Amino acid sequence: MRFVSQQVSKSLGQSISPKANFGLCFNKWLDYQYDQGKPVPSVIKNRSPLVKQAQRASSSAAEILKLHHARQAEYCQAMEQAGWKVFVFTGRLISPFVSGLGAAHPTETGIVLDHTSGMPYIPAASQKGVLRIAHAINTLQDDDGNWISREDLQSRGIVDMKMNWIEDDESVTLFGKGGNNDSLAGQMIILDSYPLEPPKLGEDILNPHYRDYYEGRRGPTEDQSPVPVRFLVVKPGAEFMFRILLRFPYGKAPCQEQEKLARRVEENIR
């Protein structure tokens, strides 16, 4: 059974169309069965039906992904003609990837899926967080990639006496800052990253060994059996397209040199 309206249930029929949006299949149309008197998703112990559904939906999703990339490319081209700096590059997964694992979901483990294509993607906010960490790390290293000594970091004003990183003007300009009177929007615009082609999904597991301990019932004793937690991942080999734009700095931005900011963006990407 599925927890949907009668109209939706009648439209779905006994089986879901191979061209159906996988995001709907995963988030809205799960099939349930009773286990000890409680309805649970039928895929709770086996994600292979979801993997197969995602594969069946890939042909229709491919066309939507092409439209996503075309729209982003047109936007980047228009902004570049207006004088913005545009950074476009691709990245290929060398290990399984998942985003949104902790999102609320009936199967206890989620995954971020694009609403229109139903395929996994990398949200702009996630990319921004990674780039900000990369920026901080780059300020702690010299040109050869060696860590700068604590004394030098403090003398240059990169960290304080407690070794807390002091955000520099370039970071504030690129990533922005909050505040009631001196807030600033980041000058770097990051677009959601979509795969070039529908990626292949697979199943992976977390294997917590101390379930009773995590649930607060007793200590982490060795007599507790592992309880595998299954979840979907994007398989290695999937290639994603990344697009970043750098606008002209606002008048109150602490760093006004667009070329200098562009070099820092390139360093953070590497």
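The values are calculated or read from the model by the stated rules, or taken from the named source; none is laboratory data. Because the structure is predicted, anything quoted here is derived from the model rather than measured. Cβ placement follows ideal geometry from the backbone for every residue including glycine, while neighbour counts extend to all protein chains displayed. Protein only, heavy atoms only, side chains kept; ligands, DNA and RNA dropped before computing areas. Shrake-Rupley method; radii C 1.70, N 1.55, O 1.52, S 1.80 Å.
For segment 96-107, name all the residues that are surrounded by 12 or more Cβ atoms within 10 Å (Cβ to Cβ) and more than 15 Å from Pro120 (Cα to Cα).
Matches in segment 96-107: His105, Pro106, Thr107.
Of all residues in segment 225-242 being over 13 Å from Arg47 (Cα atoms) and modelled with pLDDT under 95, which is least open to solvent (accessible area, probe 1.4 Å)?
Val227
Where in segment 23-95 are there strands (runs of 3 or more DSSP E), lying fully within it, with 3 or more residues that are modelled with pLDDT of 90 or more and farther than 16 Å from Tyr121 by Cβ? Spell out the reasoning first.
Working: elements: 32-35, 38-41, 85-92.
Fully inside segment 23-95 and qualifying: 85-92.
Could you please find all residues in segment 155-182 being part of a loop (DSSP other than H, G, I, E, B), under 15 Å from Pro254 (Cβ atoms) and open to solvent by less than 50 Å² (accessible area, probe 1.4 Å)?
Result: Gly157, Asp168, Gly179.
Could you say which residue among Gly186, Gly176, Gly129 is out of contact with any Pro (no Cβ under 8 Å at 6 or more places or on another chain), among the small types (Gly, Ala, Ser), farther than 19 Å from Gln256 by Cα and free of Cβ contacts under 8 Å to residues at least 60 places away in the same chain?
On inspection, the qualifying residue turns out to be Gly129.
Can you pull out every residue in segment 82-102 that is among the aliphatic types (A, V, I, L, M), touching a residue at least 60 places away in the same chain (Cβ under 8 Å) and out of contact with any helix residue (DSSP H, G or I) (no Cβ under 8 Å at 6 or more places or on another chain)?
Within segment 82-102, Leu93, Ile94, Val98, Leu101 meet the criteria.
Can you name every residue in segment 135-168 that is hydrophobic (A, V, I, L, M, F, W, C) and either farther than 20 Å from Leu261 by Cα or touching a residue at least 24 places away in the same chain (Cβ under 8 Å) (or both)?
Ala136, Leu140, Trp147, Ile148, Leu153, Val159, Met161, Met163, Trp165, listed by residue number.
Of the residues that make up segment 29-42, is at least one under 23 Å from the mean Cα position of the chain (by Cα), in contact (Cβ under 8 Å) with a residue 24 or more places away in the chain and surrounded by fewer than 18 Cβ atoms within 10 Å (Cβ to Cβ)?
no
How many of the residues making up segment 101-139 are closer than 20 Å to Ala20 by Cβ and assigned to a loop (DSSP other than H, G, I, E, B)?
Qualifying residue count for the region: 13.
Inspect all residues belonging to segment 147-154 and state whether any of them is at pLDDT below 90, out of contact with any strand residue (DSSP E or B) (no Cβ under 6 Å at 6 or more places or on another chain), more than 30 Å from Leu93 (Cα to Cα) and loosely packed, with under 11 Cβ neighbours inside 10 Å.
To start, the set of residues in segment 147-154 that are at pLDDT below 90 comprises none.
Taking every residue of segment 147-154 in turn, none turns out to be at pLDDT below 90, out of contact with any strand residue (DSSP E or B) (no Cβ under 6 Å at 6 or more places or on another chain), more than 30 Å from Leu93 (Cα to Cα) and loosely packed, with under 11 Cβ neighbours inside 10 Å.
Quick check on my filter: what residues within segment 11-22 are over 18 Å from Gly202 (Cα atoms), in a helix (DSSP H, G or I) and either at pLDDT 70 or above or small (Gly, Ala, Ser) (or both)?
Across segment 11-22, the qualifying residue is only Ser11.
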